[in-house]
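Chemist: My structure is below; once you've seen it, I'll send some questions.
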Amino acid sequence: MNHPIVLLDADGVFLRTVRPGNYLEHRYGLSAAQTAGFHKFMSQCLVGKADLKPELPRFLEEWGIPETAEAFLDEAFGSGSEIDESVASVVKSLRQQGIFCGLATNQDHHRMRYLDERLGIRKHFDATFVSCELGVRKPDADYFHTVRATFPSQALAFWDDRPENVQAAKECGWSAFLFRDAAGILADWHRMGEARSG
């Protein structure tokens, strides 16, 4: 049987969600207005068009945060950077069955390097599709089309914790599921198998 390619998001799926989405506001008491410029800048970093480290000191100064850029990033990257072992176990099991598993994630170069060096995240997958390396990001259709070009003749099964990414993947012809937990991945996978064999 020609199994679908399995693709998982990183943060909130393969990595546990222990960091609030509004990390800067939560950790440093900054308002959404104060961080708006930074988030806009980060959108460029996520597609490899800007470099976070050289620009970060000016944001820290603007926010009145006395930390060095290195200390700030070490804490920010470390928060929310823990592999969910139950999900890792599912990925390992699927790969042992000969099913190709990939990581599909939005990251800037520095966070991805952190995940490589501290967690060895790529070793858990057969391939990685990282926004800063591809030059496109989820939920843009170009991201999904770029990944699709790697597997032109195979079905794609994708799990993400963000509804907008799941919807965008579906619109690009993928089988996409909103992540619940590791058991949910297996349940979705088995339902797909039943549909293929039915």
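The values are calculated or read from the model by the stated rules, or taken from the named source; none is laboratory data. Predicted, not measured: the structure shown is a model, and the values here were computed from it. All Cβ positions, even for glycine, are placed from backbone atoms using ideal geometry, and neighbour counts span all protein chains on display.
Chemist: Give the residue, chosen from Arg162, Arg137, that is within 23 Å of Leu73 (Cα to Cα) and buried (at least 17 other Cβ atoms within 10 Å of the Cβ).
Modeler: Arg137
For every residue, the table says whether it meets (1) assigned to a loop (DSSP other than H, G, I, E, B); (2) under 27 Å from Phe129 (Cα atoms); (3) free of Cβ contacts under 8 Å to residues at least 40 places away in the same chain.
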position	(1), (2), (3)
His26	no, no, yes
Leu30	yes, no, yes
Ala33	no, no, yes
Ala50	yes, yes, yes
Glu55	no, yes, yes
Leu60	no, no, yes
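Chemist: I'm trying to understand the selection: among the residues of the stretch 83-96, which are without any contact (Cβ under 8 Å) to a residue 40 or more places away in the chain and more than 14 Å from Ile121 (Cβ to Cβ)?
Modeler: Listed by number, the residues that qualify are Ser93, Arg95, Gln96.
Chemist: So, in the stretch 147-198, exactly how many residues are touching a Phe, Trp or Tyr at 6+ places or on another chain (Cβ under 7 Å) and free of Cβ contacts under 8 Å to residues at least 12 places away in the same chain?
Modeler: The qualifying residues number 0.
Chemist: On to the next question. Could you tell me how many of the residues in the stretch 52-74 are surrounded by 12 or more Cβ atoms within 10 Å (Cβ to Cβ) and more than 17 Å from Gln34 (Cβ to Cβ)?
Modeler: Number satisfying all stated conditions: 7.
Chemist: Given the residues Asp126, Asp142, Asp108, which is the only one that is under 13 Å from the mean Cα position of the chain (by Cα) and either at pLDDT 95 or above or farther than 27 Å from Lys53 by Cβ (or both)?
Modeler: One residue alone meets the criteria, Asp108.
Chemist: Based on what the data block shows, is Glu67 in contact with a helix residue (DSSP H, G or I) (Cβ under 7 Å, 6 or more places away or on another chain) and either more than 19 Å from Lys138 (Cα to Cα) or not in a helix (DSSP H, G or I) (or both)? Full working, then the answer.
Modeler: Details: in contact with a helix residue (DSSP H, G or I) (Cβ under 7 Å, 6 or more places away or on another chain): yes; either more than 19 Å from Lys138 (Cα to Cα) or not in a helix (DSSP H, G or I) (or both): yes.
Yes, satisfied.
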